[in-house]
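This report refers to the structure that appears directly beneath it.
The values are calculated or read from the model by the stated rules, or taken from the named source; none is laboratory data. The structure displayed is predicted, hence computed values, not measured ones. We place every Cβ from the backbone using ideal geometry, glycine too, and count neighbours over all the protein chains shown.
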Amino acid sequence: MVDGGFAIQVHSPDWVISTLRTGSRMDADIRPLSFAVNPRRTTILVVDDSPEIRRFLTLALELDHYNVETASSGEEATEALQNGCRATIVLLDLQMPGMNGLDTLRLLRHLRPELKIIMCSAVDDPETMQEAAELGAQAYLVKPVQHLYLSAAVERCLQGGPPIPSDRSLKAEVLAMVPASLRPN
């Protein structure tokens, strides 16, 4: 019992679900089990020309206990990676001035083939998604990015799962892992 309410933490095979009920309010926190089991701090490089998107993605990833570095362009991202950025995953915007996301993806694959790359764009085009996958992107999230899909894509990259073609298929996979009572309508 917590201040007249209650707290519950449920461990499923893949997720930790924590809820806290106080009065008429209930807060839920759903996290992949790896956060509870292995709190290592993976670094993710967020590359987006929009300061607002960078802030949102940084906040979402920091809530999931990741270290986050940011870059506002493909050129800045490649420079950061060449100068010691220890990112394991790169979250990469597609449409940016200068070097676009696909060109950046090609260069990053050449510089650091072990990097896991998640494309993130408002462009919901199957041909672009296919090209990104052929170039080695692990996942493709369509903006506006939902935190649950972002978390699942990052976790899949860390676990070495197969590439995810788009957040449409990711949505079904994520929802299948979340208990029915907590699924959005």
Residue tally, condition under 17 Å from the mean Cα position of the chain (by Cα) and surrounded by fewer than 20 Cβ atoms within 10 Å (Cβ to Cβ), over the range 88-98: 1
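Considering each of A77, A87 in turn, give the residue that is modelled with pLDDT of 95 or more, within 12 Å of D48 (Cβ to Cβ) and either out of contact with any helix residue (DSSP H, G or I) (no Cβ under 6 Å at 6 or more places or on another chain) or not in a strand (DSSP E or B) (or both).
A77
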Top-ranked residue of the range 76-87 - restricted to ones that are buried (at least 17 other Cβ atoms within 10 Å of the Cβ) and touching a Ser or Thr at 6+ places or on another chain (Cβ under 8 Å), ranked as nearest to G160 (Cα to Cα): A87
Qualifying positions in the range 43-78 - among the β-branched types (V, I, T) and under 14 Å from C120 (Cβ atoms): I44, V46, V47, I53, T58, V68, T70
Test for R21: is it at negative phi and modelled with pLDDT under 95: yes
Number of positions in the range 44-62 that are surrounded by fewer than 18 Cβ atoms within 10 Å (Cβ to Cβ), in a helix (DSSP H, G or I) and of a type in the set (S, T, Y): 0
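Looking at the range 89-103, is at least one residue touching a strand residue (DSSP E or B) at 6+ places or on another chain (Cβ under 9 Å) and farther than 24 Å from Q146 by Cα?
no
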